[in-house]
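Student: Just dropping this structure here.
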Amino acid sequence: MFTGLVTDIGQVKNVDDQNGLRRLRVVSRYAADSITMGASIMHEGVCLTVVDFGAEGQGSWFEVEAVPETLSLTTLGELSTGSNVNLELSLKLGDELGGHLVYGHVDGLGEIVSIEAEGESFRVRIRPPSEIARYFATKGSVTVSGVSLTVAKAHDDGDFDVAIIPHTWQVTTLGALQPGSKVNLEVDMLARYVARMIGADAPETKGTT
């Protein structure tokens, strides 16, 4: 479980494909003693498991593995040596929940439609896959590449806007976005439950005769 509050930008130092898996080595400012084998760390909104780690300078390095499905359905498949990634360590009992509850399970790839400066902040329009567009509502929550954001406006065509403050723009990978960029999207779990309750996500049932 995560909060969508990015706590570091890591950098990919090595990408190794082996036995049907892609192993990523990432360096971060996290102290090595804050990481354990099997720990969950969110990368650009994707929860991955630590399979090796160690100290590097005042920070650490760690390795995680991703299966082909994860690579094909998220932006992780585009990562290469030198890529920057939003990182967040998993939430612990008693930690402050500053964003919203995030699972690290990407629901789809969104596309950046436009970026407009509004004073010192930025308004970003995102086009989600059509199958999840119904989950985004004005003032609702969304996770964009691991960052917890509020939907500023949900458009009739399925697009939605988010407003990003200068601090978030500077301390996450969102500041590198351009029109056409892809982002990992995770729907707010509350929206899923509401859709289920009102029948929008009810399983199809066969009629009886």
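The values are calculated or read from the model by the stated rules, or taken from the named source; none is laboratory data. Everything numeric here is computed off the predicted structure, so don't read it as measured data. Here the Cβ positions follow ideal geometry from the backbone for every residue, glycine too, while neighbour counts run over all protein chains shown.
Student: Cβ-Cβ below 6 Å, separation at least six or inter-chain, first residue in the range 136-159 and farther than 13 Å from residue 190 by Cβ, second surrounded by fewer than 16 Cβ atoms within 10 Å (Cβ to Cβ) and of a type in the set (D, E, K, R): which pairs?
Tutor: Filtered contacts from the range 136-159: 138/153.
Student: Considering only residues that are touching a residue at least 60 places away in the same chain (Cβ under 8 Å) and either over 28 Å from residue 109 (Cβ atoms) or part of a loop (DSSP other than H, G, I, E, B) (or both), which ones fall in the range 25-71? It would help to see each step written out before you state the result.
Tutor: Just the residues of the range 25-71 that are touching a residue at least 60 places away in the same chain (Cβ under 8 Å), to begin with: 26, 40, 42-46.
Correct list: 44, 45.
Student: I need a count of the residues in the range 165-187 that are among the polar types (S, T, N, Q), in a helix (DSSP H, G or I) and closer than 10 Å to residue 147 by Cβ. Give the derivation first.
Tutor: Taking the range 165-187 as the starting set, the residues that turn out to be among the polar types (S, T, N, Q) are 168, 170, 172-173, 178, 181, 184.
From what is left, the residues that are in a helix (DSSP H, G or I) are 168, 170, 173.
If we keep only those that are closer than 10 Å to residue 147 by Cβ too, we end up with 168, 173.
Number of matching residues: 2.
Student: Related question: Restricting to the range 115-147, name every residue that is more than 30 Å from residue 66 (Cα to Cα), assigned to a strand (DSSP E or B) and of a type in the set (Gly, Ala, Ser). Spell out how you get there, then give the answer.
Tutor: Within the range 115-147, the subset more than 30 Å from residue 66 (Cα to Cα) is 115-123, 137-139.
Of the ones still in play, those that are also assigned to a strand (DSSP E or B) are 115-118, 121-123.
If the condition is that a residue be more than 30 Å from residue 66 (Cα to Cα), assigned to a strand (DSSP E or B) and of a type in the set (Gly, Ala, Ser), then 117, 121 are the ones that fit.
Student: Considering only residues that are within 21 Å of residue 106 (Cβ to Cβ) and charged (D, E, K, R), which ones fall in the range 5-24?
Tutor: 8, 17, 22, 23
Student: Residue 80 passes all but one of (1) part of a loop (DSSP other than H, G, I, E, B); (2) outside the structural domain of residue 14 (by TED's automatic domain parsing); (3) touching a residue at least 24 places away in the same chain (Cβ under 8 Å); which number fails?
Tutor: Evaluating residue 80 over (1) part of a loop (DSSP other than H, G, I, E, B); (2) outside the structural domain of residue 14 (by TED's automatic domain parsing); (3) touching a residue at least 24 places away in the same chain (Cβ under 8 Å) leaves (2) as the failure.
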